[in-house]
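Data first, discussion second: the structure below is written as structure tokens.
Values in this text are rule-based calculations from the coordinates and carry no lab data. Not measured: the values here are computed from a predicted model. Cβ sites come from the backbone with ideal geometry, for glycine too, and all protein chains shown count toward neighbours.
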Amino acid sequence: MRRISILSTMLIGGFVLLGLAGVATAGKDEGQKLDGRKLFKEYCKPCHAEGSENGEYTPMTYIQDQWEEFFEENWKDTHGDLVDPHHGGKKVLDEITPEMFEAIKDFAIDHAADSEHPMTCG
Ligand code: HEC
């Protein structure tokens, strides 16, 4: 009898620990989510500010469908060969990782002209 209760205590303890670890990891993921607004400001705005010869682009320049189309179909064609002088002269496609790209895309779509909260990137 005694043996069994020790075993089950250990088992329950194990599950509690696993549960805690799960919570900790979830929290970490949350913290690591990239800030699309900051990224847009840092990586898009320098080339697309008001008066820029490349055109001024903020999330509310386009409606959601136009952003989808741009990120899915035009991004690599229009930016693939560009070098970004604002970030040490690296190629735009090399400096913006897939995670950053997703965050910027989500931000632009969430704040497009026809979204609930149209926004410039500030
Ligand atoms: C190094 C400068 C540079 C950076 C950084 C840059 N762009 Fe551009 N962008 C350009 C240039 C140059 C063009 C014009 C390309 C053309 O007309 O062929 C352009 C064109 C565009 C267009 C219009 C072209 C189309 O296909 O509709 C959009 C929208 C755009 N950029 C959005 C962005 C976004 C969003 C970011 C950040 C993720 C970004 N750009 C980062 C230089 C840049």
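What the table below lists for this structure:
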quantity: For Tyr43, net neighbour charge (Lys/Arg +1, Asp/Glu -1) across residues whose Cβ lies under 10 Å away; calculated: 0
quantity: Spin-label model distance (nm) - Ser52 vs Asp106, 7 Å beyond Cα toward Cβ; calculated: 2.3 nm
quantity: Qualifying chymotrypsin sites (Phe, Trp or Tyr not before Pro) for the stretch 24-122 [loop in DSSP, other Cβ within 10 Å: at most 11]; calculated: none
quantity: Percent breakdown of C-alpha pair distances by 5 Å bin, ordered from the shortest bin, for the stretch 35-122; calculated: 3, 15, 25, 30, 20, 6, 1, 0
quantity: Interchain or long-range residues, amide H under 5 Å from Lys90's placed H; calculated: Asp84
